[in-house]
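Have a look at the structure below before the remarks.
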Amino acid sequence: MTLLWPILVLAGTGFLAPLLSPRLRSAALFALVPAAVAGWFAWQMATLGKDETMTSSLPWFGMLGAGLDFWLDGFGGLMALLATGIGSLIAVYASGYMGGHPQMGRFLMLLFGFMAAMVGVVVADNLILLFVFWELTSITSYLLIGFNHEDKEARAKALQALLVTGAGGLAMLAGLLLLGGAADSWKLSELLGRGEQIGASPMYPVFTLLILAGAAAKSAQVPLHFWLPNAMAAPTPVSAYLHSATMVKAGVFLLARLSPVLDGTVLWHGTLGGVTLLTGAGLGIVQHDLKRILAYTTLAVLGTLTMLIGVGTELALESMVVFLVGHALYKAALFMVAGTIDHGTGTRDVRRLWGLRRIMPFTATAALLAAFSKAGFPPFFGFIGKEYVYKTGSAMEAAAPLLLGVAVVGNTMLFALALKAGFHPFWSKRQAGADPVAAHEGPPSLWAPPLALALAGLALGLFPGWAAETVVASAVCGIMQHPVEVSLALWHGLNLPLLLSGVTIAGGFFLYRQRRLLWRHHHTVEALRGPMHVYERGLAGLVDFAKAQTRALQSGTLSRYIFIILGSTTALLLWKFAHFREWPDLAWRGGVDWVPLALCIMVMAGAVVATTTSSRITILFALGVVGLGIAVIFLFYSAPDLAITQILVEALTIILLLMVVHHLAPIRHEQHSWGTASQALLSVVFGLCMGLLVRHAKELQLAASIAETLAAWSYPEAHGRNVVNVILVDFRALDTFGEIVVLAIAAIGVAALLQREPSVRKERT
């Protein structure tokens, strides 16, 4: 229960939020819960050594190998701390941004539900449990993105995020099942030590690709990147939380967590991350909407993190952790700043924003500090992250120029985007012909949370040694599964990373100065829909296919329904017999029971007459012959209970139909001869398949016959000498009860049909 209670507390708070929210003076009080949980995780990480872990387990589905197994190490603790710590600030921010919203309780319920699911993802020690929490993050994020459900666009973008991440989740599930089978364990803490066994599996490439697909979908890697910018239809608190510090980092978390056992193969490399870095930065450079700028920079950073995990060295993983923490701090702050600007000015278009520092001084301070960290200025923690990326590339023997080139180009564009998002709205000058916008500073709940995160980024940069010991080292130990030593510093002397940082700053300033030229190409770049177009065409095709299938299968014609059911059953039976080569023995060994043979001929003759005649009276009598023949067969094989039920139901049915047959419309003959022929052929083939199935069932004896045992039990167990009665009343009482229910239903039907309304009686009189 040790690691389960934080999840239960967060989820329970979410369930109580709709009830408590209207009764509290401020929704900011809900922030105390995730803050307390964050404090607990911080205390646990401080108590544990950097290479120590904590586990807890509760039984769940033991037969399936699924248990409520939890595991806290340095990496999982860091992710849980980010999810709950930033989540508490988001709750404060949401109380100001959405203050007075009639659905505030619903919003908090979804927010805390997502928070609980995210914590579950990072502390789950069971692959099945991890997948459950993974999908809960997809569902709750869908509801959060589509929170403004009256807006058609919000609903469409939420559905898009759900479909993309949900499809990736299904692929990941298949990969996790194959991985667990290859490792002979469902526990992450166990399978991470079985790298050689997993690598030797013939299914290794398959489950590697499947898990990579699930992680790529969640972390918006190319070509599944398009859902992330479109998810900006969500309220700003959602964007600040899900798309900077939590949901989109889940895929990165999974890649890093499994890197010890899924490394060392060409399938697990940083190419995907590098392409995503350049794509996100390139698409973001032409944007002018603050939230879309930040969305594309998030995309680029996710690519950087994935690329570093693909490199896989100790230095690369250290860089990944530093970059992850720095990004979570400054990106959440900048998203909240964007929401505050929108709240105070009514626009997020940076072309219309300038000089806001005088009107919004606190927000401007938070924005400037966060932007400097994002741009990689010293002494911010973002500068250390950028330096370590360059240091990682410099230390590589192979592909170093390529990695460094991708990193420099991407970081140069990110530098320019940082200035556009955090510097331009507050410190730029008014352009000629631009109309001023009315603005005002928001309440403390809007500027205090981003300012706190921005100051945290500055503090970690000023004290990098403390950050290395308390945060980075334990996280890297958790990833690599062995102790490591990490040292962070602002100054490493005159070296290649410092030179590349200078190139990045100079290039970033140049791109920022060319921002208006780049904005002119916004519509041209946005027209390059690419994967988005494929998604739209695929979704439209899926809907069209579903409609065509529904028209074909749900036609409203009973005969077609029966044809489809019998045809499917026939095809499956024939495939089963042919595939498994389990044809029954059809050899004739002499001897014929003439009575059942004659009865079967009578039943078949009645069926043929019923399907070929055009007289309803003849059809009813033919069906009566079929039913009576089946009842006599039951009697012949010592099943009087079935025979009595069959006779009663048949008699009642035939009598009732005879009473109404003259009110029915004339029989419509099949217009196409092929329809009649196909139905006749199917009926013959289906009958033969049923015969083969009965014959096969007769040959199949999985255990010794129970007939003698029932006879021996009849008197001592049930105190009855008539074995048949004992079987019906005692040993097969539930079956007999079912037959009674059938008779009762038939009787109810008779009573209902025989009832006449008073108006009908009067009219007939």
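The values are calculated or read from the model by the stated rules, or taken from the named source; none is laboratory data. Everything numeric in this text was worked out from a predicted model, so none of it was measured. Neighbour counts are summed over all protein chains in view; Cβ atoms, including those assigned to glycine, are modelled from backbone coordinates with ideal geometry. Just so you know, the surface numbers come from the protein's heavy atoms only, side chains and all, with ligands and any DNA or RNA stripped out. Shrake-Rupley method; radii C 1.70, N 1.55, O 1.52, S 1.80 Å.
What the table below lists for this structure:
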read-out	value
Label corresponding to mean projected area of the Cα convex hull in nm² when calculated from the structure given, among [x] 34.7; [y] 36.7; [z] 49.0	[z]
Net length gained if the chain between Leu455 and Ala540 were fully extended (0.36 nm per residue, minus Cα distance)	25.9 nm
The range 424-486 shape via C-alpha gyration tensor axes, a/c threshold 1.5	prolate
Too-long pairs where the Cα-Cα distance tops 24 Å, listed order kept, from Lys50/Lys374; Lys157/Lys249; Lys152/Lys547	Lys50/Lys374
Portion, in percent, of the accessible area of the chain that falls on carbon or sulfur, probe 1.4 Å	68
Ser319 accessible area, 1.4 Å probe, all protein chains in place, Å² to nearest 10	0
Whole-angstrom gap from the range 515-582 to the range 603-631, using each part's C-alpha centre	42
Cα convex hull volume per residue for the range 74-223 (Å³)	110
Accessible area of Met109 in the full protein assembly, 1.4 Å probe (Å², nearest 10)	60
Relative contact order of the chain, defined on C-alpha pairs under 8 angstrom at six or more residues apart (%)	10
Surface per residue (accessible, 1.4 Å probe) for the range 589-746, Å²	70
The range 58-122: C-alpha gyration tensor shape, a/c 1.5 cut-off, then a/b vs b/c	oblate
Stretch in the chain that is longest and holds no GluC sites (Glu not before Pro) that DSSP places in a loop and that have at most 12 other beta carbons within 10 Å	151-396
Alpha-carbon centroids, the range 460-498 and the range 385-412: separation in whole Å	17
Interchain or long-range residues, amide H under 5 Å from Trp60's placed H	Leu68
Whether the range 213-371 is rounded, prolate or oblate, judged on the alpha carbon gyration tensor where a/c under 1.5 counts as rounded	prolate
Helix 558-580 axis, angle to the chain major axis (alpha carbon atoms, nearest 10°)	80
Rounded to 10°, Cα long-axis angle of helix 496-513 versus longest principal axis of the chain	80
Cβ-based charge dipole, the chain, positive-most Cα from Phe509, Pro202, Gly720	Phe509
Solvent exposure, largest accessible area first (probe 1.4 Å, DNA, RNA and ligands not counted), of Met604, Met45	Met604, Met45
With all protein chains modelled, accessible area of Lys391 [1.4 Å, Å²]	70
For the range 103-173, accessible area per residue (1.4 Å probe, heavy atoms of protein chains only), Å²	30
Rounded tilt (10° steps) of 707-718 against the dominant C-alpha axis of the chain	90
Per-residue [θ]222 nm for the chain (sum of -39500 (n - 2.57) over DSSP H runs n ≥ 4, rounded to 500)	-23000 deg cm²/dmol
Where the range 457-499 is the region considered: accessible area per residue in Å², 1.4 Å probe	49
Accessible-area ranking of His225, His440, largest first, probe 1.4 Å	His440, His225
Stretch gain in nm, segment Asn725-Met604, where the contour uses 0.36 nm per residue and the Cα spacing is subtracted	40.4 nm
Accessible area in the full protein assembly, largest first, 1.4 Å probe, for His288, His327, His482	His482, His288, His327
Rel. contact order, % - alpha carbon contacts under 8 angstrom, at least six apart, the range 572-702	26
